[in-house]
1. When segment 27-51 is examined, which residues are found to be open to solvent by less than 30 Å² (accessible area, probe 1.4 Å) and hydroxyl-bearing (Ser, Thr, Tyr)?
2. Would you confirm, using the coordinates I've provided, whether LEU92 is in a loop (DSSP other than H, G, I, E, B), at pLDDT below 90 and aliphatic (A, V, I, L, M)?
3. Only residues that are in a loop (DSSP other than H, G, I, E, B) and within 15 Å of VAL103 (Cβ to Cβ): list them for segment 13-37, please.
4. Please work out which one of (1) closer than 26 Å to THR43 by Cα; (2) without any contact (Cβ under 8 Å) to a residue 12 or more places away in the chain is the condition ASP112 fails and give its number.
Amino acid sequence: MGALMLRMDDARARIEDRVPEIRRFGNAADFAAVVASNRLPTTTPVAYVLFAGLHGGKPTASAGLFIQDYDEVLTVILADRITGDPTGDKALKDVAPLVAKVVEAVCGWAPDDAAGVFVLRGAELVGAKDGQLIFQIEFTLVDQLRITP
C-alpha cells in the first residue's frame with residue numbers, strides 16, 4: 001500500500017523472535033563473505049535473510065491513481081553444521097524441524113502496512129558438504145503500489 005517498502009528487516013526480526021534455535025543472523029554482505037571464504041561461521045545454525053527481487057503485476061490507472069500489485073521475494077539461507085553423519089541422512093531429519101519453524105514464522109504474516117501476507121514460494125536443500133547443510137527457503141509477499149503521478 002503506498003510507496004514501495006522492502007520487508008527483509010521485518011522478516012529477519014520475525015524469525016529471530018519466533019525461532020530462538022537460530023544462533024546467528026546475517027544479511028547479504030555477511031552471506032557474500034561466507035560464499036567468498038567458502039566457510040560457514042563456527043556458530044550455527046545461522047540464517048541469512050536476503051532480498052531476492054520484485055515481480056510486478058499488471059498496472060492499472062484509476063481516478064488519477066497508478067495502482068500495481070507486486071510480489072516481493074525474500075530468501076532465507078539456513079545453514080547448520082553436522083557431525084558424525086557422513087551421508088547427511090540423519091542431519092537432514094534433524095534440520096527439517098528448524099526449516100519448518102522458519103516457514104511457520106513467516107507464512108501468513110505481514111508487516112502492518114502490507115496489502116497481503118507472506119507465502120512459501122519454495123524450499124530446497126542446496127548444499128551438503130564438509131559437515132554443513134544449507135537450505136534455501138523463498139517467500140513471496142504480495143503488496144501494492146498506489147502512486148499519484
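The values are calculated or read from the model by the stated rules, or taken from the named source; none is laboratory data. Nothing here was measured: the structure is a model prediction, and the numbers come from that model. All Cβ positions, even for glycine, are placed from backbone atoms using ideal geometry, and neighbour counts span all protein chains on display. All accessible areas refer to the heavy atoms of the entire protein, side chains included, with ligands and DNA or RNA removed. Shrake-Rupley method; radii C 1.70, N 1.55, O 1.52, S 1.80 Å.
1. Within segment 27-51, the subset open to solvent by less than 30 Å² (accessible area, probe 1.4 Å) is 34, 40-41, 44-50.
THR44, TYR48 - these are the residues of segment 27-51 that are open to solvent by less than 30 Å² (accessible area, probe 1.4 Å) and hydroxyl-bearing (Ser, Thr, Tyr).
2. Working: in a loop (DSSP other than H, G, I, E, B): no; at pLDDT below 90: yes; aliphatic (A, V, I, L, M): yes.
No; evaluated as a whole, the condition is false for this residue.
3. Kept after step one, since they are in a loop (DSSP other than H, G, I, E, B), are these residues of segment 13-37: 19-23, 27.
Across segment 13-37, the qualifying residues are VAL19, GLU21, ILE22.
4. For ASP112, the failing item is (1).
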